[in-house]
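S.K.: Got a structure for you, written out below as structure tokens; questions coming shortly.
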Amino acid sequence: MCLILPNSERSEQIKLDPVDGQVVVKGSINTYYPESNTNLLVNYVADKNGYRASYKITNTPSTPSITFDTRLSGNDLKTLAG
């Protein structure tokens, strides 16, 4: 199962362990918080050993906006034309 929500994505797998017949649930939730430019990734497992989760918080580097002036002068066009 995969759910995509605004600024968030959740993925989950449910399996039956063939050895002991136990249900195993594994998944992750990745959420982006735009106000702080931060990602929170939570990975989790639920099985016969209980529920275990780990998380990672990362700051997404902001990408500077770069613009280029694409206008060419008449002399540039003549040079390009040969």
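S.K.: Taking neighbour counts of Cβ atoms within 10 Å as a proxy for exposure, in what order, fewest first, do 38, 58 appear?
M.R.: With the fewest neighbours first, 38, 58 line up as 58, 38.
S.K.: In which sequence would 16, 41 go, from the one with the fewest C-beta neighbours within 10 Å to the one with the most? Each step should come with its number before you reach the end.
M.R.: Working: 16 9, 41 14.
By the 10 Å Cβ count, ascending: 16, 41.
S.K.: Roughly speaking, what is the stretch gain from residue 47 to residue 7, that is 0.36 nm per residue apart minus the C-alpha to C-alpha distance, in nm to one decimal?
M.R.: Numbers: separation 40, 0.36 × 40 = 14.40 nm, distance 2.83 nm.
Separation in residues times 0.36 nm, less the Cα-Cα distance, equals 11.6 nm.
S.K.: Next question, about the same structure. Kindly put 12, 35 in sequence by how many other C-beta atoms sit within 10 Å of each C-beta, fewest to most. Please list the in-between numbers first.
M.R.: Values: 12 14, 35 5.
If I rank by nearby Cβ atoms, fewest first, I get 35, 12.
S.K.: Got the relative contact order for segment 1-55 handy, in percent, Cα pairs under 8 Å and 6 or more residues apart? Walk me through the intermediate numbers first.
M.R.: Working: 101 pairs, mean separation 13.8, N = 55.
Computed over segment 1-55, the figure is 25 percent.
S.K.: Hey, which lysines would be in cross-link range of residue 48, C-alpha to C-alpha under 29 Å, not counting anything within fewer than 8 residues on its own chain?
M.R.: Within the straight-line limit of under 29 Å, residue 48 reaches these lysines: 15, 26, 56.
S.K.: Pull out the extension gain between residue 19 and residue 54, defined as 0.36 nm times the separation in residues minus the alpha carbon to alpha carbon distance; nm, one decimal. Spell out each step's value before the answer.
M.R.: Details: separation 35, 0.36 × 35 = 12.60 nm, distance 2.57 nm.
Contour length minus the Cα-Cα distance gives 10.0 nm.
Throughout, read-outs are computed from the coordinates displayed, never taken from laboratory work. As the structure is a prediction and not an experimental result, all values here were calculated from the model. Using ideal geometry, Cβ is built from the backbone for each residue, glycine included, and neighbour counts are taken over all protein chains shown.
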